[in-house]
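Asks: Have a look at this one.
The values are calculated or read from the model by the stated rules, or taken from the named source; none is laboratory data. The shown structure was predicted, so the numbers you read here are calculated from the model rather than taken from an experiment. Using ideal geometry, Cβ is built from the backbone for each residue, glycine included, and neighbour counts are taken over all protein chains shown. Note: areas computed on protein heavy atoms with side chains; ligands, DNA, RNA excluded. Shrake-Rupley method; radii C 1.70, N 1.55, O 1.52, S 1.80 Å.
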Amino acid sequence: MSGEFMPIAELVEVPPGRSKVVRVSGKAIALFNVDGTIYAMENRCPHEGGPVGDGEFVGTMITCPSHQWQFDVRTGACAHDPSVLAKTYDVRVEEGMILVDASRLLTLTRRNREILRRTNAGESADAIGRAFGLTPVEVERIVEVTRIGERLLYFGELYLRKGRVGGGDLHALPHRDVKGIDGEVLAALDRLARLL
């Protein structure tokens, strides 16, 4: 896979048998050195989102500190259920620098909008998850976060256009017809609008 590689750490920062967590485009990435070969994995356990890179790293396996799920850092496969995969990234080492393929990271906004579009069109979280390599829970979370982001963007654009935002502006709010817990988000946004 070819992509846009960006430098994220110096090779000396991740000696053999060690790991390091770095941030790339706002996302935490765990780097692992297995006998001189560097591997990169999202620092988020697919089980329940724990900081997998902060766990115990032995050989080719990392153990998530939250619930002791183990993953092969070379493939992202879970030791007890290989169908569960942690997200991995292509890596290059050039002139002493570790470079990671950032193309997947840089297109997350586009991906999230597509997931929201498919959800709004009635596609199931299972089907969307299969298409994007995500669990249904991850799909649902992305949908909620994207909806909140669109609401905040709406308020920001409205404020820049009008110089103010009032409670009446909630009527045109994107994704107003959403599920129960979202009422809390709408109430918080209404309070925010009144502060602006």
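Asks: Just checking, does the range 28-37 include any residue being among the β-branched types (V, I, T) and farther than 27 Å from R141 by Cβ?
Replies: Yes, there is a match, as at least one residue in the range 28-37 is among the β-branched types (V, I, T) and farther than 27 Å from R141 by Cβ.
Asks: Can you tell me which of (1) closer than 16 Å to L99 by Cβ; (2) modelled with pLDDT of 90 or more; (3) in contact with a Ser or Thr (Cβ under 6 Å, 6 or more places away or on another chain) is the one V14 doesn't meet?
Replies: V14 satisfies every listed condition except (3).
Asks: Would you say I8 is farther than 24 Å from G129 by Cβ, modelled with pLDDT under 95, within 18 Å of the chain's Cα centre (by Cα) and open to solvent by less than 60 Å² (accessible area, probe 1.4 Å)?
Replies: Considered against the rule, which asks whether it is farther than 24 Å from G129 by Cβ, modelled with pLDDT under 95, within 18 Å of the chain's Cα centre (by Cα) and open to solvent by less than 60 Å² (accessible area, probe 1.4 Å), I8 comes out as yes.
Asks: Related question: Would you mind telling me which numbered condition in (1) over 22 Å from P7 (Cα atoms); (2) out of contact with any strand residue (DSSP E or B) (no Cβ under 7 Å at 6 or more places or on another chain); (3) open to solvent by 20 Å² or more (accessible area, probe 1.4 Å) P46 fails?
Replies: Every listed condition holds for P46 apart from (2).
Asks: Scan the range 98-107 and tell me whether some residue there is assigned to a loop (DSSP other than H, G, I, E, B) and modelled with pLDDT under 85.
Replies: There is at least one residue in the range 98-107 that is assigned to a loop (DSSP other than H, G, I, E, B) and modelled with pLDDT under 85.
Asks: Using the structure shown, decide if R74 is surrounded by fewer than 18 Cβ atoms within 10 Å (Cβ to Cβ), at negative phi and in contact (Cβ under 8 Å) with a residue 40 or more places away in the chain. Walk me through it before giving the result.
Replies: Values: surrounded by fewer than 18 Cβ atoms within 10 Å (Cβ to Cβ): yes; at negative phi: yes; in contact (Cβ under 8 Å) with a residue 40 or more places away in the chain: yes.
Criteria met by R74.
Asks: Any residue that is modelled with pLDDT under 65, part of a helix (DSSP H, G or I) and small (G, A, S) - is there at least one of those in the range 154-171?
Replies: Yes: the range 154-171 contains one or more residues that are modelled with pLDDT under 65, part of a helix (DSSP H, G or I) and small (G, A, S).
Asks: Right, here's the next one. Among residues belonging to the range 108-140 that are of a type in the set (S, T, Y) and closer than 22 Å to R44 by Cα, point out the one that is surrounded by the most Cβ atoms within 10 Å (Cβ to Cβ).
Replies: Restricting to residues being of a type in the set (S, T, Y) and closer than 22 Å to R44 by Cα, the top hit is T135.
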